[in-house]
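The values are calculated or read from the model by the stated rules, or taken from the named source; none is laboratory data. The shown structure was predicted, so the numbers you read here are calculated from the model rather than taken from an experiment. Heads up, the Cβs are rebuilt from the backbone with ideal geometry, glycines too, and the neighbour counts pull from every protein chain shown.
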Amino acid sequence: MRLLTHNLLMCNLKTCAGQNFPLALQANEISEENTEFNLVLTQKMLGKLDWKAFHRVADSLGHTLPEELTPEDQNNDELMQRLHHLLFNIVVLSGTLTCQSCGRAYPIDKGIPNMLLEDSEEA
Amino acid sequence: MIEFCLWLVIVVIITAISVIAIPILIITSPLWASTLLVIYLLLKALGLSSIVSNKCSQIYDWLFFKSDKPRKFLWRNFYNALCYMFPQEEWKTMNYGYAVSSETGYMIVLAKEEESERFSYQLYHFMATGFKKTGNLQGQIIVEVGSGRGGGLAYVVRNLKPLSALGVDYSKQQVEFCKRTYTYPNISFVEGDAENLPIKDDSVDMVLNVESCHCYGNFKKFVGEISRVLKSDGRFMLTDFIVADRVPAFEAVLKEFFDISEKKDITPNVLLSLKFDSDRRMELIQNRTPICCRRLLKRFSGSEGSAIYLELESRRSLYLAYNLVKKSS
Ligand SMILES: C[S@@+](CC[C@H](N)C(=O)[O-])C[C@H]1O[C@@H](n2cnc3c(N)ncnc32)[C@H](O)[C@@H]1O
Ligand SMILES: [Zn+2]
């Protein structure tokens, strides 16, 4: 799972009220890929990103990012390269995604988040 | 430890049953086999065999196409098993395809390695371009629900260039297949359920759903979920086969959440695709699958003369495509 994907995922328990996004990431195994830096793609992606959630998940992996992204940041090459790396190169192979509201943990195995509920959990 | 003991007990019981029961079954086979034969002949003589096979057909139809929980369970295992038996990477799509009415049925230019699944890719092209109206999906976040073996979504990413694409499917085997097979940085796959999408509200520009919703136990829940995850100006491109009688009820559900911006009856295009593609599908089943599964697979394959082909040809079922926009609330 890339952090890009994390940016879309939420807890889907129907009984889960409130803060079901973003999920807290516990990464046990990470692989780093080597995609070529693409400034335009990175900028476009940032335009669509939930920055708060991204900031938080990067933080949990030990990458501190600015609280807010200013228009000048978009031209800061060093920062853009770091963001590209975080978005496209970091792949979480195993770990868990945990809901901050109800505590439901979703496993990540072989790089794939399993977001399926048990029969008994379905509304 | 307790779990291990439990397993041990189960294994012992199963072994005991097979050691004792199978010989008994074999020894007594003249008895029960002849009884079955007599019953069969009797039914046939009395003209009741068609009633029995009709009942079986009805049960089958209910299980696979009408029930709630059993339907979901059966399809999931069907797709898991299919992908387990058939892990070959050259098989990437699983829909009946779309052909235009011309000598060849071709609509788009494809790469050589895509050629063998041409009509399935054409269906994706037709849907993802909003019925051939847009040339690309630049800047969009797209999601496919029921992404199967992922070939369709990967085609869309390669050719229509969305910003990112997420495939959701509840079949573990298939999601693992996708993860292995497609490695573009902006495509990803998760295990998830169409009726409980793990995707946050108002975040998606387009949802694709190709020949998948006939498997869902609760269609209304699914449509509600799509409406929830789409942005207010988002689009929902939906296509599947539907029994003609059930179309009004089907559309009533859609209209609770969406306005139908455009609807196409693509039954003729799907039939054409099946005609062009018949030989390839039969060849695959005949040469690559175990003999015991061929009957079932042929039933679903859609080749000329198969059950689904006749359904569509007689228009008892239709293959419909919808371009839906979210109702402004
Ligand atoms: C006929 S296949 C189509 C796959 C793909 N869209 C294609 O055209 O190649 C139907 C797919 O829907 C998936 N599916 C069925 N029910 C589902 C559910 N409730 N949630 C998620 N996926 C589901 C199945 O696992 C299967 O991959
Ligand atoms: Zn939760």
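Annotations for the structure displayed:
- The selection criterion, being among the β-branched types (Val, Ile, Thr), outside any loop (DSSP other than H, G, I, E, B), within 11 Å of chain B (Cβ to nearest Cβ) and crowded, with 16+ Cβ neighbours inside 10 Å, does not hold for A:VAL57.
- Meets criteria (touching a strand residue (DSSP E or B) at 6+ places or on another chain (Cβ under 8 Å), within 11 Å of another protein chain (Cβ to nearest Cβ) and either buried (at least 20 other Cβ atoms within 10 Å of the Cβ) or among the polar types (S, T, N, Q) (or both)) for B:GLY234: no
- A:SER31 being more than 16 Å from ligand 1 (Cβ to nearest atom) and in contact with a Cys (Cβ under 6 Å, 6 or more places away or on another chain): no
- Residue list for the stretch A:13-40, restricted to those being without any contact (Cβ under 8 Å) to a residue 40 or more places away in the chain and farther than 22 Å from B:ASP201 by Cα: A:GLU36, A:VAL40
- B:LYS263 farther than 29 Å from A:MET10 by Cβ and at pLDDT 95 or above: yes
- Here A:THR64 does not fit the description of being away from ligand 2 (no atom under 16 Å from the Cβ), within 15 Å of the chain's Cα centre (by Cα), within 19 Å of B:PRO162 (Cβ to Cβ) and of a type in the set (Val, Ile, Thr).
- Test for A:ALA53: is it at pLDDT 95 or above and within 16 Å of ligand 2 (Cβ to nearest atom): yes
- Looking across the stretch A:12-45, the residues that are in a loop (DSSP other than H, G, I, E, B) and either away from ligand 2 (no atom under 11 Å from the Cβ) or in contact with a His (Cβ under 6 Å, 6 or more places away or on another chain) (or both) come down to A:PRO22, A:GLU33, A:ASN34, A:THR35, A:GLU36, A:PHE37, A:ASN38.
- Subset of the stretch A:68-123 that is in a helix (DSSP H, G or I) and within 16 Å of ligand 1 (Cβ to nearest atom) - its residue that is farthest from A:ALA53 (Cα to Cα): A:ASP119
- Matching entry among B:GLU225, B:GLU191, B:GLU195 (being charged (D, E, K, R), free of Cβ contacts under 8 Å to residues at least 24 places away in the same chain and assigned by TED's automatic domain parsing to the domain that holds B:LYS327): B:GLU191
- Output for the stretch A:1-22, where each listed residue is under 11 Å from the mean Cα position of the chain (by Cα) and more than 9 Å from chain B (Cβ to nearest Cβ): A:LEU3, A:HIS6
- Extreme residue, farthest from the other protein chains (Cβ to nearest Cβ), among residues of the stretch B:177-191 that are surrounded by 19 or more Cβ atoms within 10 Å (Cβ to Cβ) and farther than 26 Å from A:GLY47 by Cβ: B:PHE177
- Subset of the stretch B:140-158 [touching a residue at least 40 places away in the same chain (Cβ under 8 Å) and either within 10 Å of another protein chain (Cβ to nearest Cβ) or assigned to a helix (DSSP H, G or I) (or both)]: B:GLN140, B:ILE141, B:VAL143, B:GLY151, B:GLY152, B:LEU153, B:ALA154, B:TYR155, B:VAL156
- When B:ILE51, B:ILE27 are checked against the criterion of being of a type in the set (A, V, I, L, M), more than 16 Å from ligand 2 (Cβ to nearest atom) and surrounded by 10 or more Cβ atoms within 10 Å (Cβ to Cβ), B:ILE51 stands alone in meeting it.
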